[in-house]
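Working notes, beginning with the structure itself.
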Amino acid sequence: MSILEQVLAANRHFVEYLPDEYIHYCPETSKLPKRHLAIFTCMDTRLVDFLEPAMGIKRGEAKVIKNAGNSVTGPFEATIRSLIVSIYELGVKEVIVIGHLDCGIAHTTAESLIQKMLARGISMDAIKMIEAELKDWIDHFHHPVDNIEEVVIKIRSNPLIPKDVPIHGLIFNPQTGQIEVVVDGYQACTNSNVANREE
């Protein structure tokens, strides 16, 4: 049975025996996140069905954005676009950036990725189109905590993100579920408000 067939079979079983927590989900519930929260995290498989429960987040309470290494590579790339829609259209008032220990991106290099792409038939011309950005992204990711701090700064300093939106940075342990604060976004908002008042 192919992966697609497995997914479709699982879906038929799921729909036929729909769990109570989904039966009681009100169809009129808004697509707006109840907690006015956006979570930006990594796509690591160990976070699936683990990170949100570890945070006490339930269905309908937060917008969740994921990519490899919870990275922001430009001023209007996909993550920033998603945050802009979340803030201006969907009522998000706070953002939490969550990295995790033992992130695979920290063990990857642009060169190793390029070699694997070439081995799979990707042309060098295609790679050259993204090589500089690839190196800037992959080769600068050395530690998940440093990455969290950098991503929070990139989001916080982006001129498209309102200054009154706290941008928090957390680190998650994918083995134990423990979360620790790396950046307290409330402090940055308070400092920004003080600086604005002084100007």
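The values are calculated or read from the model by the stated rules, or taken from the named source; none is laboratory data. Quick caveat: nothing in here was measured; it's all calculated off a predicted structure. Reconstructed Cβ throughout: ideal geometry from the backbone, glycine too, with neighbour counts over all protein chains shown.
Based on this model, can you work out whether G104 counts as over 17 Å from V165 (Cβ atoms), surrounded by 16 or more Cβ atoms within 10 Å (Cβ to Cβ) and in contact with a strand residue (DSSP E or B) (Cβ under 9 Å, 6 or more places away or on another chain)?
no
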Condition broken by L4, with the remaining ones in (1) surrounded by fewer than 19 Cβ atoms within 10 Å (Cβ to Cβ); (2) of a type outside the set (G, A, S); (3) closer than 30 Å to P159 by Cβ satisfied
(3)
Which is more than 30 Å from S30 (Cα to Cα), without any contact (Cβ under 8 Å) to a residue 60 or more places away in the chain and assigned by TED's automatic domain parsing to the domain that holds L170, of G60, G74, G91?
G74
Within the range 128-162, count every residue that is among the basic types (K, R) and either over 30 Å from L90 (Cα atoms) or surrounded by fewer than 15 Cβ atoms within 10 Å (Cβ to Cβ) (or both).
2
Residue within the range 76-92 that is crowded, with 17+ Cβ neighbours inside 10 Å and assigned to a strand (DSSP E or B) present
no
Which members of the range 93-137 meet the condition of being within 25 Å of the chain's Cα centre (by Cα) and part of a loop (DSSP other than H, G, I, E, B)?
K93, L101, D102, C103, T108, T109
Has the range 38-52 got at least one residue that is free of Cβ contacts under 8 Å to residues at least 12 places away in the same chain, assigned by TED's automatic domain parsing to the domain that holds L170 and at positive phi?
yes
